[in-house]
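Notes to accompany the following structure.
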Amino acid sequence: MKIVRLLCVLVCLFPLARGYAQSLLQNDELVRKRINAAASLLSFTVVPDVTTSNLSVASGNVNDDDVGMRLTQFGGGATLSSDFPMYAEGTMGYSRYDPRFIVTSGEEVRSVPFRWNAFSAAGGLGWDFPLREHLVLRPILNISLGTVASDVLIGRLILENRTGRELAFLDGGSMSFYGYGGSLMLDYEFFSDAYDMDVEARYSNIRLEPFQKDDRAVAGGASAEQLNLYFRTRIPTGMHLFERPVRVVLESAHTEFLDEQRGVLGFDYLTSFGLGMEIDTSKYDIWISRTRLVARYITGDNTTGYSLGLAVSF
């Protein structure tokens, strides 16, 4: 008789257990989706790119998929000399990702933000192979390091209604990544008293992998695969400052995001147009030779924006 009662209890509990397991799987998938997206943000800051150097994306709807993103990047690159044409580049980036989860505890339903900050540092070494005057082919080896960290401590009520394993990373946790890959650049540079011109075409493919891969909720990585086109010309205005000509700067850039990056932030490409001024201080014995201030208009798939960039030459 006891066995029959036990079987009846198990039969009654089976649908509840199955529903609970399905709920946990759905929660796992939601968390994994958000964390993979946070890790993907690192991929937008490890490749030098004018179009994403200062980018903000926001949604006006406060729901399960409401996301706020900010990306900032600075860095540069240069060839050491014509006699020793080694090329070196470096960038540092910061991105912030603010997804929201809809969680419930009994009759209470609340929208909880999980703020993730991503920091990255990337570098590359290459070599210039001259193809013709002013034109070089430049293969580059790239490495990078980055971390994604949560700055939100989740309340005990929420933690008790979720599995600690899946939310350990969200609850003030962090995850570090390393990156490896390469780029191939075609660079045309022309300098004269009348005007300067710089045209670049670059393909980059950098893979980001987590240092720790034992947690199924945060397993995986991200790839930065991009095709970048960049044009800049500097033309003297006729005015002089610091005994050097003041130049107007015209620039344009286009970035196609490939493979995993395509559509992650809601667009497949970004195009920017820039207008600015450049001041030359090379006559004086200071460590900055040129300073450029450029205003940019950025457009893409259902995306528009503005940015203001400051650049210096040494």
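Structure notes:
- Projected label distance in nm at Leu184 and Ser81, using a 7 Å step from Cα toward the beta-carbon: 3.1
- Computed FRET value (nearest 0.05) for Thr237 with Asp198, which takes r as the C-beta separation and R₀ as 25 Å: 0.85
- FRET efficiency for Ser176 and Tyr297, using Cβ-Cβ distance with R0 set to 25 Å, rounded to 0.05: 0.10
- Using a simple spin-label model with pseudo-atoms 7 Å out from Cα toward Cβ, Ser313 and Ser282 lie 0.6 nm apart.
- Net +/- balance of residues flanking Leu227 in space, Cβ distance below 12 Å, scoring K and R +1, D and E -1: -4
- Over all other residues within a Cβ to Cβ distance under 13 Å of Leu270, the charged ones net out to -2, with Lys and Arg as +1 and Asp and Glu as -1.
- Taking 0.36 nm per residue of separation and subtracting the Cα-Cα distance, full extension of the segment from Val248 to Ala149 would add 31.5 nm.
All of the numbers you see were taken from the coordinates with simple rules; none came from a lab. Being a predicted model, the structure only gives us computed values, none of them experimental. Every residue, glycine among them, receives a Cβ derived from its backbone with ideal geometry; neighbour counts consider all protein chains shown.
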